[in-house]
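Report on one structure; see the data block that follows.
The values are calculated or read from the model by the stated rules, or taken from the named source; none is laboratory data. Worth saying up front: this structure is predicted, and the values here are computed from it rather than measured. Every residue, glycine as well, gets a Cβ built from its backbone with ideal geometry; the counts of neighbours run over all protein chains shown.
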Amino acid sequence: MKPVQYAVIGLGRFGKSLAKELMNLGYEVLGIDKEEEAVDEMADKLTHCVVADTTDEEVLKSLGIRNFDCAIVAIGDDIQSSIMTAIMLKDLGVRQVVAKAMSELHGKVLTKIGVDRIIYPERDMGVRVAHQLVSPNLLDFIELSPEYTLVELTVPKHLSGKSLKNLDLRARYGCSVVAINKQKKVLIAPVADDILYEDDIMVVIGTNKQVAAFEREVSRE
């Protein structure tokens, strides 16, 4: 399977946070910004980094943008450029287009042009969005400390019917399920014999690496 590739367009505070976390999670990231200073700052932190005007279709084609699995429009200071870039990405057939919205109206326009997911930066941190992008089952992500993380994950079909003992999270990944939300009831400190079913919500705690490894297991098809 080829590595998943992300393009982050706009390397302001939000874009940088998102791009760096995607790199930390082990993915290839192309950073794009129209300002050379922003690109220079991130050049040694991302897989590739380029200065480019993403409102120019020919420029996007030259970057091979249609080959990326996901493009995130993190442009924050120019709503017109954000919208034009999103339109170009959709027209070029990028598989998933995510865009940062500066207001509810901006978000509505992005929705109208077919953007797959809208991010509101005042509500969504770059780190959290990175985890949600690579793990569709992730509902919430909380950094407890620089090393430890708490996440909420929806149980996927391929784990349905398995007990916590079957999963053996502590031995395989080092993390622990501290609660299970079964819609009608919540199990706090579940025991090994508790069974997981599709769409249950697991609350998992562990180090960043442990939780990231389990996120990948949950997200595989």
Practice item. Collect the residues in the stretch 149-195 that are over 26 Å from the mean Cα position of the chain (by Cα) and of a type in the set (Gly, Ala, Ser), keeping them in residue-number order. Key: 161, 163, 171, 189, 192
Check your understanding: What are the residue pairs meeting all of these: first residue in the stretch 20-41, first residue touching a residue at least 24 places away in the same chain (Cβ under 8 Å) and under 13 Å from residue 9 (Cα atoms), second residue assigned to a strand (DSSP E or B) and among the acidic types (Asp, Glu), Cβ atoms under 9 Å, and 6 or more apart or on different chains?
Key -> 39/33
Point to revise | Listing of helices (runs of 4 or more DSSP H) fully contained in the stretch 1-119 that carry 3 or more residues being among the small types (Gly, Ala, Ser) | key: 13-24, 79-91
Revision key, fill the gap. Within the stretch 18-40, the residues that are among the acidic types (Asp, Glu), within 22 Å of residue 55 (Cβ to Cβ) and surrounded by 15 or more Cβ atoms within 10 Å (Cβ to Cβ) are 33
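Among the residues of the stretch 146-166 satisfying the criterion of being assigned to a helix (DSSP H, G or I) and of a type in the set (D, E, K, R), which is nearest to residue 216 (Cα to Cα)?
Keep residues of the stretch 146-166 that are assigned to a helix (DSSP H, G or I), which gives 157-159, 164-166.
In the following step, the residues that additionally are of a type in the set (D, E, K, R) were identified as 157, 165.
Details: 157: 14, 165: 19 Å.
So the residue we want is 157.
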Practice item. Go through (1) in contact with a strand residue (DSSP E or B) (Cβ under 7 Å, 6 or more places away or on another chain); (2) at pLDDT 85 or above and name the single condition residue 170 misses. Key: (2)
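What do you reckon, is residue 99 crowded, with 21+ Cβ neighbours inside 10 Å, free of Cβ contacts under 8 Å to residues at least 60 places away in the same chain and within 20 Å of residue 133 (Cα to Cα)?
Details: crowded, with 21+ Cβ neighbours inside 10 Å: yes; free of Cβ contacts under 8 Å to residues at least 60 places away in the same chain: yes; within 20 Å of residue 133 (Cα to Cα): yes.
Yes; evaluated as a whole, the condition is true for this residue.
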Exercise for review: Considering each of 120, 148 in turn, give the residue that is of a type in the set (Phe, Trp, Tyr) and either more than 21 Å from residue 16 (Cβ to Cβ) or at pLDDT 85 or above (or both).
Suggested key: 148
Check your understanding: Restricting to the stretch 186-221, what's the tally of residues that are charged (D, E, K, R) and within 21 Å of residue 145 (Cβ to Cβ)?
Key -> 2
Check your understanding: Does the stretch 125-142 contain at least one residue that is modelled with pLDDT under 90, assigned to a strand (DSSP E or B) and charged (D, E, K, R)?
Key -> yes
Check your understanding: Of the conditions (1) free of Cβ contacts under 8 Å to residues at least 24 places away in the same chain; (2) touching a strand residue (DSSP E or B) at 6+ places or on another chain (Cβ under 9 Å), residue 185 fails just one. Which one is it?
Key -> (2)
Check your understanding: So how many residues does the stretch 167-202 have that are surrounded by 12 or more Cβ atoms within 10 Å (Cβ to Cβ) and assigned to a strand (DSSP E or B)?
Key -> 11
